[in-house]
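The structure under discussion appears below in the form of structure tokens.
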Amino acid sequence: QQYDVQAPVSAHCTDCPGDGGIARKGLTALAIAAPEEPPSPAKNNGLGSGALPFSFNTETSVWEQCKREAHSDAIRALDAAVLPHGEQPSPSSAESSATVYWLSAGDDKQVVVWRESSSDSWQRQWELSHSKKVVAALFDPNRDVLFADRFGDVYRWSLHMTKADEGDSAEPQLLFSHLAIVTAMVMTESGRFVITGDNHEKIRVTCYPQAAEIHSFCLGHLGQITSLACAGDEFIVSTSSDCTLRVWQLEDGQQILSHSLGAAVSSLCRVAENAVVVCCETAPGLRHISFNSPGLSAVSDVSPLSQEVPQAVSVMPVAGSNHVIWVDQGGHLRYPPAAGNTTAEWCRISVGEDLPPALVSLSKFTDPDYAEEAVGDDDAQPQPRKRRPK
């Protein structure tokens with residue numbers, strides 16, 4: 001399926017294993033989301049292009065979600081959650097099995113939760129109108145929604161207090177704020193911490209659900225944070241426009257590894273206990289990075305997976321192992337060749353013409369003296385801040 005985005009700048013990838021979904025982040029990036037545990041053997045992928053959501057079944061190779069204007073502006077974030085019967089926030093329908101819920105948000109300031117159905121379109125279950133553009137969103141372990149807006153504020157929206165049948169929406173609760181635009185947000189596997197990164201090079205570890213306490217800061221990057229991943233409740237893996245991958249101790253924010261990749265990284269995904277896959281803006285674009293165990297204190301191997309330059313990457317479990325899926329510069333969803341075929345190229349899912357080349361890239365931010373300031377007008381262009389004194 002082709003997308004209408006022409007200027008990817010940053011990307012966010014959820015770290016939970018499961019069926020993959022991707023969402024184009026308008027003129028800034030695309031995000032990949034994954035349900036934690038599929039309710040059926042079918043492999044459904046949720047996709048968003050600009051303001052349009054799609055759904056692709058990788059088992060039947062069928063586009064299941066109709067193309068329609070679900071948002072009035074670019075989708076910036078996509079996540080998914082599987083709710084077993086009886087644990088759904090508003091079990092108004094007599095469903096006998098687990099249900100997949102998709103979360104989408106973006107430039108139209110709308111946060112929407114969709115319920116996946118057997119029909120040809122998702123059902124709009126809950127909707128929140130926010131006052132500012134939303135740049136990141138995810139489900140927490142209780143299936144409430146966390147989202148960050150363009151002013152650096154992070155909110156929790158409780159679906160358990162939202163009445164879908166009556167159309168009433170609970171007010172979101174402000175948890176904490178950055179003094180910059182949030183560019184990446186993930187949650188640890190235990191749900192005890194929320195990790196956020198911003199375009200002023202800072203990574204913040206916040207206790208959850210009581211978010212008044214800052215657990216630690218991870219300081220050392222020289223460019224905006226582009227992607228985050230968690231390794232349990234012990235380590236954080238981060239990438240930045242400064243062309244480095246870094247590993248931090250979550251407990252005290254101490255940096256234990258800095259590895260130069262020689263290129264800006266747009267997306268990061270943890271594929272094993274001691275391995276990640278990153279998307280770089282120069283060849284080889286898709287790289288598998290292994291760490292020494294335990295502790296992730298050193299890089300043991302960097303293997304190229306593809307010479308092409310990807311936009312985002314995630315994993316999809318197949319037969320007990322994690323298969324890497326990614327999106328290329330042309331807007332094609334790519335997945336591994338058939339088992340046993342070691343010479344074939346990556347398979348692609350596509351319809352229509354390729355995307356034109358990206359107009360903006362992270363490479364312009366590789367100058368460590370350059371960054372952008374959040375501005376007061378939500379629709380105004382970010383302004384470069386002053387260079388640091390030498």
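Here are some notes:
- All strands (runs of 3 or more DSSP E) inside the range 167-284 with 2 or more residues being at pLDDT 90 or above and over 30 Å from G330 (Cα atoms): 173-177, 193-198, 202-207, 214-219, 235-240, 244-249, 255-260
- Residue within the range 255-263 that is under 21 Å from the mean Cα position of the chain (by Cα) and of a type outside the set (G, A, S) present: yes
- Subset of the range 222-238 [in contact with a Lys or Arg (Cβ under 8 Å, 6 or more places away or on another chain) and either surrounded by fewer than 21 Cβ atoms within 10 Å (Cβ to Cβ) or within 17 Å of S297 (Cα to Cα) (or both)]: A229, C230, A231, D233, V237, S238
- Within the range 262-274, the set of residues being of a type in the set (A, V, I, L, M, F, W, C) and surrounded by 18 or more Cβ atoms within 10 Å (Cβ to Cβ) comprises A263, A264, V265, L268, C269, V271.
- Positions within the range 285-310 being assigned to a loop (DSSP other than H, G, I, E, B) and farther than 18 Å from A264 by Cβ, in sequence order: N292, S293, P294, G295, L296, S297, A298
- In the range 225-252, the residues that are free of Cβ contacts under 8 Å to residues at least 12 places away in the same chain and among the charged types (D, E, K, R) form no Cβ pair under 9 Å with any partner that is in a strand (DSSP E or B) and surrounded by 23 or more Cβ atoms within 10 Å (Cβ to Cβ), whether six or more places apart or across chains.
- Restricted to the range 330-358, and to residues there that are open to solvent by 70 Å² or more (accessible area, probe 1.4 Å) and either among the polar types (S, T, N, Q) or outside any loop (DSSP other than H, G, I, E, B) (or both), the residue that is modelled with the lowest pLDDT is T342.
The values are calculated or read from the model by the stated rules, or taken from the named source; none is laboratory data. None of the values given here were measured: they were computed from a predicted structure. Cβ atoms come from the backbone with ideal geometry, glycine included; neighbour counts cover every protein chain shown. Ligands, DNA and RNA are stripped out before the accessible areas are found, and what is left, the full protein with its side chains, is counted by its heavy atoms. Shrake-Rupley method; radii C 1.70, N 1.55, O 1.52, S 1.80 Å.
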